[in-house]
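The block underneath contains the structure these notes are about, expressed in structure tokens.
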């Protein structure tokens, strides 16, 4: 009997081990891709939040400092369609400890793609 030959059982065991390793690697790449897409969406949302607030920066200057043209409450949504739909919602709060100061915050929402 030849002891150097590879038996069928050894080939099947090595094929199963190789299949398990390939499955683990594919899952790792899929999870990495999902994380990259999520991170890219968060970065885009942050940049769009800055873009949404740029309109308010143009309204604030020394000449109009005592005029409250922002009001309070929520503002209508602004929608920007890129690779997915981003929606910005403004909230204006003028109940601040310093007079004539308004806090404007924007929340940017989007739908994550299905995994």
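Where a number appears in this text, it was derived from the coordinates with a stated rule and is not lab data. This structure is a prediction, so every number in the text was calculated from the model and none was measured. Note: ideal-geometry Cβ built from the backbone for every residue, glycine included; neighbour counts use all protein chains shown.
Given a Förster distance of 41 Å, report the FRET efficiency between residue 56 and residue 27 from their Cβ-Cβ distance, rounded to the nearest 0.05. Calculated value: 0.40. At an R0 of 35 angstrom, the distance between the Cβ atoms of residue 15 and residue 83 translates into a FRET efficiency of 0.30.
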